[in-house]
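Everything below concerns the one structure shown next.
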Amino acid sequence: MVWVWIGRILLGLLLLLAVLLLIPLKIQVEIGLEEQRATLRYLFLRFPVYPFKDAEEAEQAEADEVRAAEGKGKKKGKGGKKTPLSQQLGLVMDILRSTLSGLRFLTRHIHLRHFDLRLRVGDDEPHETAVLYGQVGGIVHACLGLVANTFDCRFDRVQVEPNFSEPEFFLDLSFQIGALPIILLITAGIVAVKLLQNRGVKAPDKPGAKEDKGGAHK
């Protein structure tokens, strides 16, 4: 009789867990230069996801970042050439494409709504502003293309503008992500496995290296 009640309790817990995993949740994200915020909404509950630090810890972390940036600036001339931002972004996007490929049957159930992006850039000289505007615009649209091909998206506003009068960088981004918890868990699990597999793949040997080894044996 005891085992019957234990089985019923376990079955009830499993049913409750299944119901909870099938109730959609929403994540509201707001990103600006001064403040970033993310809030999780589930049923009638709200949980702050970010920021999760106390004010003093946040200020200390920001001060540490400023000091680290100043230290890097002093050592700038000693290092080699830096990889261009566009090349770095291309590498990241290639990794994301290979990781998310074949997951459209899952990611199409992740909904991106109320997407609102305002971005304004400016530099000292008009021609430098034009170059910066072209680079930033290309990066933004490449990222949005990847997002649109991966998730179910609706863009309310995407506004990228140049400021030819003064140096400026202004960012205001907000969007909402909605999905079933079970979809998010399965997608996150598959993505984690793919990332581990990609990380474990060794780079192929250069053809010249094999020839040199063969010549050395001769």
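Quick notes on this structure:
- Here segment 79-199 is treated with +1 on each Lys and Arg Cβ and -1 on each Asp and Glu Cβ, and its dipole about the Cα centre works out to around 900 debye.
- Modelled label reach - Gln135, point 7 Å along Cα→Cβ, segment 161-184 residues with backbone N closer than 18 Å: 161-171
- Ranked list, fewest to most other Cβ atoms within 10 Å of each Cβ, for Met93, Met1: Met1, Met93
- DSSP-assigned coil residues among chymotrypsin sites (Phe, Trp or Tyr not before Pro) in segment 142-178, each with at most 15 further Cβ atoms within 10 Å: Phe164
- Here the peptides 44-51, 96-103 are ranked by packing, the mean other Cβ count within 10 Å, and the order with the highest first is 96-103, 44-51.
- Averaging 1/r across all pairs of distinct Cα atoms in segment 127-176 and inverting the result yields a Kirkwood radius of 12.5 Å.
Every number here is computed from the coordinates shown, using simple stated rules; none is lab data. No experiment lies behind these values; they were computed from the predicted model shown. Positions of Cβ are backbone-derived with ideal geometry, glycine not excepted, and every protein chain shown enters the neighbour counts.
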